[in-house]
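I have placed the structure first, in the form of structure tokens, so that the comments after it can refer back to it.
Bear in mind that the values in this text are calculations on the coordinates, not laboratory data. Owing to the predicted nature of the structure, the values given are computational and were not obtained by experimental measurement. All Cβ positions, glycine included, derive from the backbone under ideal geometry; neighbour counts span all protein chains shown.
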């Protein structure tokens with residue numbers, strides 16, 4: 001009798017085990033078949049497609065400084081699910097990459113230079129004058145010449161200049177920031193946008209974390225100061241002409257053009273990062289208004305009509321994401337949500353790239369691609385995104401529609 005019960009027990013156990021093995025597989029296959037729009041299977045042997053990558057307009061004419069990273073043969077290691085799309089991506093590690101000042105796509109490579117690049121700082125004659133938050137903020141070109149926007153401290157004077165990298169002569173020298181001991185050169189801006197071969201917009205911040213009534217912040221409203229402005233730089237008869245394009249900016253990190261509109265992204269104080277639609281001659285409010293607060297949590301005026309009229313943002317991020325760059329969306333995403341507009345924004349604190357869809361200056365919705373690293377700059381070429389991180393290499397991936 002005991003043997004009979006033992007045999008039944010063994011048979012029952014074998015049947016149960018067989019069912020468990022079966023259901024470990026069968027329900028999963030069934031789930032994928034019926035719900036494949038809600039899950040992505042990652043093939044770790046697949047390679048990121050780089051065929052859509054093309055060299056940008058040669059913004060940087062000098063190639064004898066900085067570093068190159070090869071993006072070919074990057075293995076897909078992650079996948080991010082959006083509502084109708086997925087982003088399959090991988091990472092290329094680089095021990096030399098830190099906080100980049102400038103980057104550029106060059107076919108299957110990306111060129112970059114760090115903010116504290118010793119060789120270029122030495123060429124600029126600024127060795128020993130770069131604080132931990134200063135350094136090279138951007139590099140751009142006018143006609144056949146490259147220029148660097150660099151911040152530094154000299155004899156207790158926190159300031160910035162634009163330098164011709166051919167002659168190493170300064171073409172624009174900003175004045176010392178008032179009460180420079182309160183300067184934080186992380187906030188010096190540096191976003192730029194090429195309007196033509198001989199004209200760019202260059203964004204300059206008001207670099208301090210002090211309260212809105214501090215003298216550095218107040219320069220953003222002064223027409224006699226270039227701090228806190230988006231400047232228009234034009235090359236005329238081999239001379240750089242500078243004029244104020246817009247004012248009232250805190251820390252504008254990136255500029256882009258979507259159709260006929262110019263958009264800027266800038267970092268706010270405690271909350272209040274902004275996407276602004278930039279028009280010549282307008283005032284964007286800093287430090288008179290912000291949807292953020294002081295760092296000591298004291299409130300800041302929220303009215304865009306008092307004490308004077310200023311332009312409200314297209315979108316404000318509360319809490320702050322530390323917005324770092326702005327660009328067009330992938331082409332597939334643009335086409336899907338047409339005729340609406342789409343702009344993409346990267347972030348340091350948020351560690352993400354957000355797609356924001358808007359129409360007639362009104363945001364309709366946004367989608368977030370969340371990563372685990374701070375994203376400093378990014379590029380969109382067709383449906384391929386290349387993102388340069390702080391210290392964690394380069395992300396590259398392809399956006400695909402879920403079938």
> Of the listed peptides 85-92, 315-322, what is their order by residue-averaged count of other C-beta atoms within 10 Å, with the highest listed first?
Replying inline: 85-92, 315-322
>> For segment 117-207, what are Rg and Dmax over the alpha carbons, in angstrom?
In response: 12.8, 38
> Helix-derived [θ] at 222 nm for the chain: sum -39500 (n - 2.57) over DSSP H runs of at least 4, divide by residue count, nearest 500?
Replying inline: -4000 deg cm²/dmol
> Which order, highest average first, do 226-233, 281-288 follow once you tally other Cβ atoms within 10 Å for each residue and take the mean per peptide?
Replying inline: 226-233, 281-288
> Relative contact order for segment 40-401: what is it in percent, counting Cα pairs under 8 Å that are at least 6 residues apart?
Replying inline: 14
> If you compute Rg/Rh (Cα atoms, Kirkwood Rh) for the structure shown, which of [x] 0.99; [y] 1.10; [z] 1.22 do you land on?
Replying inline: [y]
